[in-house]
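All remarks here apply to the structure that follows.
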Amino acid sequence: MDFIGVRRRPGDRSSNWRRAAHVNSIVLVIVTIILISCLIASITQTGGLVKSFMFHEGTCDGGSASKTNVALHLLLNVVSTAIFASSNFFMQVLNSPSRHEVDLVHAKGSYLGIGVPSVRNTFKVSRFKTCCWIVLLLSSIPMHLLFNSMIFQTDQRSSDFHLTIASSGFVEGEAYYIPGASLSPAGIRKLGGDNTFMGAFTRYGAAQKWVDYSNSSSPAVKNITATAAAGASWAKISWVDCFKEYFDCDGLRSHRDVIVVADQPKGWVRDEVWNLAPNETEYWDSIVPGNAPNSLWFSTQCAMKVRYSNAGGAECSNDCKYALASYAIDNPYEYDFASFENMSAWNIDFFRQEFDYVNSIQARSIQPSNTSGLVPGGGKILVDYCLVEPVERVCYVGLSNTLLLAVTICVAVKTATAIIVTFVLGRQNQIPLVTLGDAIASFIQNPDNTTYGMCTVNQKDMRRATRSSHQKVLTGPQRWLGKVHRRWSVVPKGVWVFSYLLFAVGILILAIFTDQAISSRGVSGSIIESQPNAIIEGIIWTFTAGVLVANSPQLLLSFCYLAYNNLFTRLQMAKEWSQFSSGYRPLRVTDPKGKQYSTYRLQLPYKYSIPLILCSILLHWMLSNTLYLFISQGGYFSDLQFDLFDPSLPDRTVLTVGFSSAALVTMLVLSLALIFVPVLLSMRKLPEGITNVGSNSMAISAACHVSPLSRLGDDSSPRDSQALPSRFETLPPPSSPGVTHSNEEGDVIRSNREYGFLSNDGGDVEMHTLMGGKGSRPTMDTHSSTEALNKESLLERVSESELRWGVVQMPPEFYTEFENMGERTYGHLSFGVKEDAVTSPLHGKWYA
């Protein structure tokens, strides 16, 4: 338990981050209880973990099933955002170093990140914090891949339909004779045979035996009879819509059987259409009378299904394509029906369509070629409209017990980790420096000896020094250059590059898929719900594999969001730090005292954090409708898989992955717009009168060495009555006669004492202090312990006051120290209270 450190700090009181930790822990506990309850209820209904619980049945396409699915997925995204927000809170707390951990790293010549998620911090904090951070990270990955597909909606697409070509009298009670005035059987099968004459001719429907037409109880006759009786009540649609629905081969969603109504009110008379030989006339007289109008032309059973093609991949097969579309055949196929008294040969392509786009698209002509069997022009058919049988699509909303169990385990692990972290860190005597104000307060109350004499150093200097392979002077008097910086300068270049490379990868993937989707199907689909408008063809998945494929972009989006949030956090920290140069402000800390204040947020104010959270919810939800799990019933996809039916889904259910090109375009446009927001915010100017510390712990520490003359109290009190003991009065003579170094301008500076510098030699960094020792702090041998306590108390009071950063007054010893350096005057930069009359640094002046 040594690495946990659960010793209670004397006088410890609950800080704000602990209260926030309690709130986030309660959120995780509530979510865990709800998930466990749902899992128990679902298993009770299905009798086990394998079967999915289909808990809602309703209509599709904007019906109750679709609305329920959309509402539940919005709820899922809200809940998942709450879970990840709570998890990220603890990850940031665990990633925040304590003062003890900061001191250890500073002693080695390195630095940590303050107030931002930092990979540098991960393995430089305690093992307990590192382990808990890794647990929270690993438990998030399965949730990104599984959470959105835990609830799913099935699709309903029928494949079978009955096609009838007839006159309007067919549904008005007029006489009809089977198989119709076309004298053609469905599928164009050889009479009396069991096989089709040519495989391609099955595009005229399912092959039907002649004997079935003389049997009133056969399915073929029953279908025709039922269609004639019910057709009058069916919906009437234009030929254009009819063609799209039944020819495009996209599965039947809202209609099933169809009657193609020809502009032939009284039907067809056999002898006006056919020129038959005497023996043929004798045969057909008993089946289709020669002089009686026949309101039926042709009837067949059809099916459209997705099947594997010989070339690989999947393609749609429509049994009735030839009956619905235009197919020109150069060499007519002739048939000799010898078993029926030498019936004359006739052209099989009697359903060839001639489209008249000039006059009217509402009518279509079906014109057979002239043959020896057809009267010239006798078989011409003009299509007027279609009657379609309405079908109510029934879709189901289901819950996957397997995915729910996995998600529940992940959330339970997060909850347990959060409770342990709250308990352990709450009892530790090393409070994490979560916010920028926490670090400033800590460095003011307990000055860091490794950064003495570095008051002008910024994060760029610190980063360059720690990366250098040779000695790099960091301390000593430096000339203040009042440069105007933009906010982008507080974000390290590596962070900018990594973040926008990540954004570029995501946008590039979106752009590639968008281009392919638009090229193949145009802008289609819905951005509101995952409507079944397109699928990744040729690939059939198991439920688990489909979930992982559909949700894998969610993981990339989450990483992009974390990088995006990190940029906002760093830019906001720059603003918070820069405000100390323009006026007196209290510190924002997690455990406020005095005039300090606290917020339940860690870094970002609500005007940024709330819109970012809403953007996260919107993008994750939209992405779930961009690439989604596609679960279909009804037979349209059934030919694609026979051995991959998932046991967790209803029988004969096919699973693949669908996409919406409309949602893809929307995601691409939103992403392109969002990536410019940090760039625009980073263009704002920063004040000239403060160093650029970013999140660098050493740079922050260097800026927090309060003047020994800093005081608090009424103006009437003597100034020295509450002044800090001057460290210059307590120092022994310097250990060396002096050191020469230069600043970035090339000016040579000679000091009568040795300033600290970092020497990266073989990885060991040596820090020389004012006393010449290694890593030791200046002592106060002439002061009593009471005076030391007074000093500590005053430093604490300073940190609890309203502060400003700038030029502060120093003891006389500070100024006399630089008398032999020429005519220059030197000052010191740090935080001060109102009584210190802090002023802004001047361009060209020297500060130490």
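The values are calculated or read from the model by the stated rules, or taken from the named source; none is laboratory data. Just so you know, these numbers come straight off a predicted model, no measurement behind them. Cβ sites come from the backbone with ideal geometry, for glycine too, and all protein chains shown count toward neighbours.
Highlighted here are the helices (runs of 4 or more DSSP H) found entirely within the stretch 641-744 that include at least 1 residues which are modelled with pLDDT of 50 or more and touching a Leu at 6+ places or on another chain (Cβ under 6 Å): 661-674, 676-682, 697-702. Does GLN554 count as crowded, with 17+ Cβ neighbours inside 10 Å, more than 30 Å from GLN156 (Cα to Cα), modelled with pLDDT of 80 or more and of a type outside the set (Ser, Thr, Tyr)? It is false that GLN554 is crowded, with 17+ Cβ neighbours inside 10 Å, more than 30 Å from GLN156 (Cα to Cα), modelled with pLDDT of 80 or more and of a type outside the set (Ser, Thr, Tyr).
Checked against (1) at pLDDT below 90; (2) in a helix (DSSP H, G or I); (3) under 30 Å from MET304 (Cβ atoms), PHE170 passes all but condition (1). On the stretch given as the stretch 547-592, residues that are over 17 Å from the mean Cα position of the chain (by Cα), part of a helix (DSSP H, G or I) and in contact (Cβ under 8 Å) with a residue 24 or more places away in the chain total 14.
Could you tell me whether the stretch 126-133 includes any residue that is surrounded by fewer than 17 Cβ atoms within 10 Å (Cβ to Cβ), at pLDDT 90 or above and out of contact with any Lys or Arg (no Cβ under 9 Å at 6 or more places or on another chain)? For the stretch 126-133, residues surrounded by fewer than 17 Cβ atoms within 10 Å (Cβ to Cβ), at pLDDT 90 or above and out of contact with any Lys or Arg (no Cβ under 9 Å at 6 or more places or on another chain): present. Of all residues in the stretch 43-59, those that are free of Cβ contacts under 8 Å to residues at least 12 places away in the same chain have Cβ atoms under 7 Å from Cβ atoms of residues that are assigned to a strand (DSSP E or B), 6 or more apart or on another chain, in GLN45/PHE53. Within the stretch 807-819, residues that are aliphatic (A, V, I, L, M) sit with their Cβ atoms under 7 Å from residues that are part of a helix (DSSP H, G or I) and surrounded by 19 or more Cβ atoms within 10 Å (Cβ to Cβ), at 6+ positions apart or across chains, in these pairs: VAL808/ASP836.
Looking at MET698, MET622 in this structure, which one is in contact (Cβ under 8 Å) with a residue 12 or more places away in the chain and more than 20 Å from VAL547 (Cβ to Cβ)?
MET698
Identify, please: which residue in the stretch 423-465 is of a type in the set (Val, Ile, Thr) and touching a His at 6+ places or on another chain (Cβ under 9 Å) and is, among those, nearest to LYS108 (Cα to Cα)? Ranking the candidates gives THR450 first. Of the helices (runs of 4 or more DSSP H) contained entirely in the stretch 26-125, those carrying at least 1 residues that are of a type in the set (Phe, Trp, Tyr) and out of contact with any Asp or Glu (no Cβ under 8 Å at 6 or more places or on another chain) fall at 64-95.
Scanning the stretch 503-512 turns up at least one residue that is more than 16 Å from the chain's Cα centre (by Cα) and modelled with pLDDT of 85 or more.
None of PRO117, PRO97 is surrounded by 24 or more Cβ atoms within 10 Å (Cβ to Cβ) and over 30 Å from CYS395 (Cβ atoms) except PRO97.
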